[in-house]
1. Quick one: count up the residues across the range 93-106 that are surrounded by fewer than 17 Cβ atoms within 10 Å (Cβ to Cβ) and in a loop (DSSP other than H, G, I, E, B).
2. Quick one: count up the residues across the range 59-92 that are under 20 Å from the mean Cα position of the chain (by Cα) and in a loop (DSSP other than H, G, I, E, B).
3. Would the range 17-28 turn up any residue that is at negative phi, out of contact with any strand residue (DSSP E or B) (no Cβ under 8 Å at 6 or more places or on another chain), exposed (fewer than 14 other Cβ atoms within 10 Å of the Cβ) and touching a residue at least 40 places away in the same chain (Cβ under 8 Å)?
4. Give the range 75-92 a look and list any residue that's loosely packed, with under 12 Cβ neighbours inside 10 Å and free of Cβ contacts under 8 Å to residues at least 60 places away in the same chain, or say none.
5. Restricting the range 126-150 to residues that are free of Cβ contacts under 8 Å to residues at least 60 places away in the same chain and surrounded by 10 or more Cβ atoms within 10 Å (Cβ to Cβ), which is farthest from residue 107 (Cα to Cα)?
6. Go through the range 42-57 and count every residue that is within 14 Å of residue 84 (Cα to Cα) and buried (at least 17 other Cβ atoms within 10 Å of the Cβ).
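Nothing in this text is a laboratory measurement; each read-out follows from the coordinates by a stated rule. Every value quoted in this text rests on a predicted model; they were computed, and no experiment measured them. For neighbour counting, all protein chains shown are included, and Cβ atoms are generated from backbone atoms with ideal geometry for every residue, glycine included.
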């Protein structure tokens with residue numbers, strides 16, 4: 001499995017297009033869809049990005065909550081209903097819907113942040129602040145990481 005790794009900052013052009021980092025595009029296209037799925041983060045001021053297969057797994061997890069549960073309705077309304085499938089153009093650019101751009105407070109630049117099986121898109125300054133705030137917390141919690149000894 002290929003992962004989303006590293007952080008890239010790209011400019012949004014006057015037409016609202018942004019280039020998706022080539023390594024992210026390669027990972028996204030492994031599933032046969034030349035695009036990405038995006039939705040507002042349920043717990044951060046960022047946009048979540050993933051493959052079609054990943055959103056299908058998320059949808060399956062939500063469905064497992066039962067057809068009439070309030071949790072299922074909550075997750076469906078806050079994630080699936082606000083998700084967008086976005087196709088790449090010939091140059092690997094996308095236009096991220098304005099409601100997602102506004103949600104994340106993104107202006108002229110966007111940070112693409114690899115998170116393993118998913119990635120996030122941030123206002124670069126907001127991401128710098130978030131990273132600075134969570135750096136110490138990550139260091140303090142290193143011992144909680146569980147390793148699978150394959």
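1. 2
2. Start the filter on the range 59-92 by keeping residues that are under 20 Å from the mean Cα position of the chain (by Cα), which leaves 59-62, 74-89, 92.
Next, only the ones that are in a loop (DSSP other than H, G, I, E, B) stay: 81-83, 88-89, 92.
Of the residues in that region, 6 qualify.
3. yes
4. Just the residues of the range 75-92 that are loosely packed, with under 12 Cβ neighbours inside 10 Å, to begin with: 77, 81, 85, 87, 90-91.
Those that are loosely packed, with under 12 Cβ neighbours inside 10 Å and free of Cβ contacts under 8 Å to residues at least 60 places away in the same chain: 77, 81, 85, 87, 90.
5. From the range 126-150, those free of Cβ contacts under 8 Å to residues at least 60 places away in the same chain are 128-129, 131-150; that's our starting set.
Subset that is surrounded by 10 or more Cβ atoms within 10 Å (Cβ to Cβ): 128-129, 131, 134-135, 138, 141.
On the way: 128: 15, 129: 16, 131: 19, 134: 23, 135: 25, 138: 28, 141: 33 Å.
The residue in question is 141.
6. Number satisfying all stated conditions: 7.
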